[in-house]
Amino acid sequence: MNNNLACALDRLADGENAIPPLEMAAREGSVMAAAILDHLAGDDERRAYDTPHAFEIFIRAGGNPPLYESVSTALARLYERFAPRRLLDIGAGDGMALLPALNATSRRPHTVDVVEPSAELLARLRPQLSAGTARQQTFQAFASRLASGQPWDMAQATFSLQSIPSVERLEALKRLRSHVTRLVVVEFDVPVFDDARDRHASLARRYEQAAREYREQAPLVAGGFLAPMLLGQLQATTPSNFEQPIAAWQDEITRAGYRIASATHLHDYSWAPAWLIVAEA
Ligand SMILES: C[S@@+](CC[C@H](N)C(=O)[O-])C[C@H]1O[C@@H](n2cnc3c(N)ncnc32)[C@H](O)[C@@H]1O
């Protein structure tokens, strides 16, 4: 099953007809192959956060609860240690990492500002934030309009910088630097492959495994979130994801002008290990 899915990914990446191996993989029971076939049959291009319901199920089940618990616990520890009065969350989603962290600390920031481009995710988060501003914006747009006198003690971005194309991300991080004291980033340490075939075999295995963790909701999560994410990674549609190994994240943050204070392994997730980077502006 994963061999046929991997073969289909090879073909998609090369712009060739992937339908025959996808159909074979789907007949063998591949949830991802069925979801990709459905996408290819549609005439609209769906991106990873266009179906927020699928994303919300994705982050609340499968291997995500223990991952998010480790992330929120680590954030709460940082609030205890640095006592930020003003906090900025970049790409906060519906607050899955942010809200439990705020609830777990005795040193809750006085103001929590969030930036999140998805109107639906922001609508769920907004009522749960007491003091602060919730902007429906991309990080790039937000950073390009930053004015002086907007200092944050801490800016955090959990699994959101990977959604932003690398060149725009570096520029936005550079612009943010003079407005923050500290930057906290949580991202996956994804493997790199010299050979495209090896990369596609790894993607086929990891996506199929991730989809299967959702049991009866697997078709919804695979169709609404994982398939557009995967097709974007293959450049078969507009990319939704620009992830990289953790060493490359550190390098990028350093190039944006920050000083890396620590990089810590947080949790071994099925996708890849999650890491926490703390940087001084
Ligand atoms: C994997 S989710 C993580 C959400 C949240 N930080 C969490 O840990 O649950 C990625 C988030 O990045 C947001 N996002 C996508 N593009 C973005 C951009 N250009 N600027 C800021 N956030 C973006 C998505 O809407 C989504 O909420």
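The values are calculated or read from the model by the stated rules, or taken from the named source; none is laboratory data. Because the structure is predicted, anything quoted here is derived from the model rather than measured. When we count neighbours, we look across all protein chains shown, and the Cβ atoms used for this are built from the backbone with ideal geometry, even at glycine. For accessibility, only protein heavy atoms count, side chains too; no ligands or nucleic acids. Shrake-Rupley method; radii C 1.70, N 1.55, O 1.52, S 1.80 Å.
Here are some notes:
- Residues that are free of Cβ contacts under 8 Å to residues at least 40 places away in the same chain and of a type in the set (Val, Ile, Thr) were ranked within region 124-170; the one that is surrounded by the fewest Cβ atoms within 10 Å (Cβ to Cβ) is Val167.
- Tally, over region 190-212, of residues that are of a type in the set (Asp, Glu) and crowded, with 20+ Cβ neighbours inside 10 Å: 1
- The single condition among (1) within 16 Å of the ligand (Cβ to nearest atom); (2) surrounded by fewer than 16 Cβ atoms within 10 Å (Cβ to Cβ) that Gly224 does not satisfy is (2).
- Test for Glu187: is it within 20 Å of Phe55 (Cα to Cα), surrounded by 17 or more Cβ atoms within 10 Å (Cβ to Cβ) and either away from the ligand (no atom under 16 Å from the Cβ) or among the polar types (S, T, N, Q) (or both): no
- All positions within region 55-67 that are open to solvent by 10 Å² or more (accessible area, probe 1.4 Å) and under 15 Å from Pro273 (Cβ atoms): Gly63, Pro66
- All conditions in (1) away from the ligand (no atom under 15 Å from the Cβ); (2) open to solvent by 70 Å² or more (accessible area, probe 1.4 Å); (3) not in a loop (DSSP other than H, G, I, E, B) hold for Leu22, with the sole exception of (2).
- Total residues in region 134-151 satisfying the condition of being in a loop (DSSP other than H, G, I, E, B) and more than 9 Å from the ligand (Cβ to nearest atom): the figure is 8.
Residues checked against (1) aliphatic (A, V, I, L, M); (2) within 14 Å of the ligand (Cβ to nearest atom); (3) in contact with a helix residue (DSSP H, G or I) (Cβ under 9 Å, 6 or more places away or on another chain):
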| residue | (1), (2), (3) |
| --- | --- |
| His110 | no, no, no |
| Gln128 | no, yes, yes |
| Asp153 | no, no, yes |
| Phe193 | no, no, yes |
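- Residue match in region 188-210 (condition: closer than 16 Å to Ala97 by Cα and within 19 Å of the chain's Cα centre (by Cα)): yes
- Here the condition is being in contact with a Ser or Thr (Cβ under 7 Å, 6 or more places away or on another chain) and either part of a strand (DSSP E or B) or under 25 Å from Phe188 (Cβ atoms) (or both); of Ala131, Ala76, it holds for Ala76 alone.
- Total residues in region 79-100 satisfying the condition of being buried (at least 20 other Cβ atoms within 10 Å of the Cβ), assigned to a helix (DSSP H, G or I) and more than 10 Å from the ligand (Cβ to nearest atom): the figure is 1.
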